[in-house]
Amino acid sequence: MELNYHVNQVVKFMNNAGQETPDTLATPSPEQRILRAKLILEEAFELINKGLGVNVYSSDVSVAPLTVGQLDYQIVSDTDIVEAMDGAADLFWVGVAGVSIIFGCELEPVLEEVNKSNASKFIDGYRREDGKWVKGPSYKPAEIKAVIHDRVPF
C-alpha cells in the first residue's frame with residue numbers, strides 16, 4: 001500500500017474524532033497545536049518506555065523549555081518488539097501524518113525532499129560517539145518551502 005492510503009486512514013480517524021483536516025495549506029489553531037504536541041509526546045514516551053525499555057529523566061528541570069540535552073536515559077527492561085512497532089505506528093499517526101494533516105499539507109513530496117537532504121549527510125559527514133550520523137560541510141538542507149502544497153483530499 002502506498003503512503004497516501006495510510007495518511008487517508010488518519011484523516012478518516014481525525015474526522016471521526018472531530019479534529020480539523022483541511023485540504024489546503026493552513027495554520028492550525030493553538031488548540032490543535034497543543035493537542036498534537038501532547039499526542040506526539042504521549043506516543044513517543046510509550047514507545048520509549050514500553051517498546052525500547054528505556055526511561056527518560058530530566059537532568060535540569062529548572063530550565064524551560066525542556067530540551068533533549070537536558071534528558072538522561074536509562075535502560076530499565078528488555079525491548080518489546082510488539083510495543084515498539086505499535087508505538088512506531090502510533091507516532092506515524094499522531095506525529096508524521098497528523099502534523100501534515102493539520103497543516104493541510106501533502107506529505108509525500110516533503111518526505112522525498114528530506115530523503116535527498118539526508119542523503120547529502122553521507123558525502124562528508126561522520127558518526128558521533130553515540131551512533132548518530134552528523135552532517136558534514138556538503139550537507140544540503142531540505143528545501144521544504146519549495147515542495148509544500150495542498151493535501152490531496154481522499
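The values are calculated or read from the model by the stated rules, or taken from the named source; none is laboratory data. Quick caveat: nothing in here was measured; it's all calculated off a predicted structure. All Cβ positions, even for glycine, are placed from backbone atoms using ideal geometry, and neighbour counts span all protein chains on display.
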Open item on the list: The conditions are (1) modelled with pLDDT of 90 or more; (2) touching a helix residue (DSSP H, G or I) at 6+ places or on another chain (Cβ under 9 Å); (3) exposed (fewer than 14 other Cβ atoms within 10 Å of the Cβ); (4) not aromatic (Phe, Trp, Tyr), and residue 60 fails exactly one of them. Which is it?
Closed with: (1)
- [ ] Could you figure out which of (1) without any contact (Cβ under 8 Å) to a residue 12 or more places away in the chain; (2) over 12 Å from residue 40 (Cβ atoms) isn't true of residue 100?
- [x] (1)
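Residue-by-condition table, conditions (1) without any contact (Cβ under 8 Å) to a residue 12 or more places away in the chain; (2) under 30 Å from residue 18 (Cα atoms); (3) surrounded by 15 or more Cβ atoms within 10 Å (Cβ to Cβ):
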{"site": "91", "(1), (2), (3)": "no, yes, yes"}
{"site": "109", "(1), (2), (3)": "no, yes, no"}
{"site": "130", "(1), (2), (3)": "yes, no, no"}
{"site": "138", "(1), (2), (3)": "no, no, no"}
TODO: State yes or no: is residue 112 farther than 20 Å from residue 43 by Cβ and touching a helix residue (DSSP H, G or I) at 6+ places or on another chain (Cβ under 8 Å)?
DONE: yes
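For (1) over 17 Å from residue 13 (Cα atoms); (2) in contact with a strand residue (DSSP E or B) (Cβ under 9 Å, 6 or more places away or on another chain), each residue gets a yes or a no:
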position: 32; (1), (2): no, no
position: 43; (1), (2): no, no
position: 54; (1), (2): yes, yes
position: 58; (1), (2): yes, yes
position: 73; (1), (2): yes, yes
position: 76; (1), (2): yes, yes
position: 83; (1), (2): yes, no
- [ ] Only residues in the stretch 8-31 that are at negative phi count as the first member; pair them with residues that are basic (Lys, Arg), Cβ under 7 angstrom, at least 6 apart or cross-chain, and list the lot.
- [x] 23/151
TODO: Just one of (1) part of a loop (DSSP other than H, G, I, E, B); (2) within 22 Å of residue 13 (Cβ to Cβ); (3) not acidic (Asp, Glu) trips up residue 123, so point out which.
DONE: (2)
